[in-house]
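**Q** Please read through the structure below; I'll follow up with questions.
The values are calculated or read from the model by the stated rules, or taken from the named source; none is laboratory data. Keep in mind the model is a prediction, meaning the values are calculated, not measured. Neighbour counts run over all protein chains shown; Cβ positions are idealised from the backbone, glycine included. In case anyone asks, the SASA skips ligands and DNA or RNA and just uses the protein heavy atoms, side chains included. Shrake-Rupley method; radii C 1.70, N 1.55, O 1.52, S 1.80 Å.
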Amino acid sequence: MAIGRPRRSSRKVRDTRFSKGLGPFLALLIVPPAVEAGNDGSVQRPEPPHLTLVERSISLVRPEQGEQGDHRRRWLTWRIDYRLRNAQPTTLRLDPESYFCTVEGWASNSRAEGHGLPRRARHSLSSGDVLQSSTCLIEHDDPTLACHERATLQVWPEAVGTPEDPAPGAPIETPLEPIQLEPGAVLGVRLRLEHCHHLYGLSEPLLGSREVNLRMGPTAFRDRLDLDRPIAPDRAMDRLSPIPEERLDPRVYFSAPDSLYLDAALSGYRSFQFRDLKVPRDAPMRLSFRYFRSSDSTGKVRMELKQYKDVPNSYQVLTQAKRVEELPDLGEWVLVDRRFRSDPLATTMQLRFLIDCEGNGPAAVWIDDVVLEPIGPGSD
């Protein structure tokens, strides 16, 4: 009963790394010293800046895995790198006590539970405070609903090489020795904003514009960071698991070379469940498949789609989000194509096909071209 159709097409997964230079962001501004009048009434011109901006880059750093080997607890980090050159003809000495940075702005994440309302995030970093600051954006007795953000600052002369990123949440070493920056040498400054939230599935970091004031020795800078653009997911979207070879039938299919086979008369063939699928919350989804039931098939055949919310060491069934669809037609291939939104709390979906009949049949069904995936931006 082979029906000739093109083979299934493969889909490429987009690289989800995110990196921007100055681009749409405002350029770093050097804050000049105030103009002063001399004793003789003449105007004293301000000195040229000791440090000038060479480059600024913004990137998003995501861990490979969560603390439990999955997405259950993730640190999501904005990383802002500045390269500052010594513009003076003499060596510039930068004492650790002269490092100072403030970061302030409204941050929110409409895709994460409890983040729809922007909250003020304020940080003040100085070498006396180990160049790190932590602020609580959402206080909650349930730790899965609380949210923190940590800011850290690293400073180094580029000539000695770029230091490694600290592990998320790890303490920052306090700089002890002054930096001697030769004329034309470059100073590296790295600001990191770490978002710590017990994430329910794929999520963006805290989004919003931030105002940065940075002082390195005798030079002060002011910058605006527009970290308000949604970005691609932190990893390739999860896909349905492959069907085991023993459950594939090469005799009947819609798209060559085979299809999923269910048969009530065979032990272990009455149902089939795909591996649980990790999904984004409150996102447009597509469920599509074709089915064929033999003309003498009896009983009921149905598709069940369940949604779950992962919580520490367990999960919660979202009963209101369960979808059940009967597959009643006989003797022909039938297309089922549904568009819907994942539940705002869902992190996982479970897709199952099953035969529900008395006795051992006769009841047989073939399932082909199964698709369950997010649709829209960032889904391919």
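**Q** Going by accessible area, probe 1.4 Å, with all protein chains left in place, what is the ranking of His140, His123, largest first?
**A** His140, His123
**Q** Suppose each label sits 7 Å from its Cα in the direction of the beta carbon; what would the Arg93-His148 distance come out to in nanometres?
**A** Computed distance between label sites Arg93 and His148 equals 3.8 nm.
**Q** Let me ask something else. Once R0 is set to 56 Å, what does the formula 1/(1 + (r/R0)^6) return for the Cβ-Cβ distance between Asp282 and Glu182, expressed as a FRET efficiency to the nearest 0.05?
**A** 0.55
**Q** Here is a follow-up. Extending each Cα 7 Å along its Cβ direction at Ala265 and Glu55, get the distance between those two points in nm, one decimal.
**A** 7.0 nm
**Q** Kindly identify the stretch 259-380 as rounded, prolate or oblate by the Cα gyration tensor criterion: order the square roots of the eigenvalues as a ≥ b ≥ c, call it rounded if a/c is under 1.5, otherwise compare a/b with b/c, prolate if a/b is larger, else oblate. Can you show the working numbers first?
**A** Working: a/c = 2.58, a/b = 1.70, b/c = 1.52.
Prolate, because a/c is 1.5 or more and a/b exceeds b/c.
**Q** Describe numerically, in nm with one decimal, the distance between label points set 7 Å from Cα along Cα→Cβ at Arg352 and at Arg251.
**A** 2.7 nm
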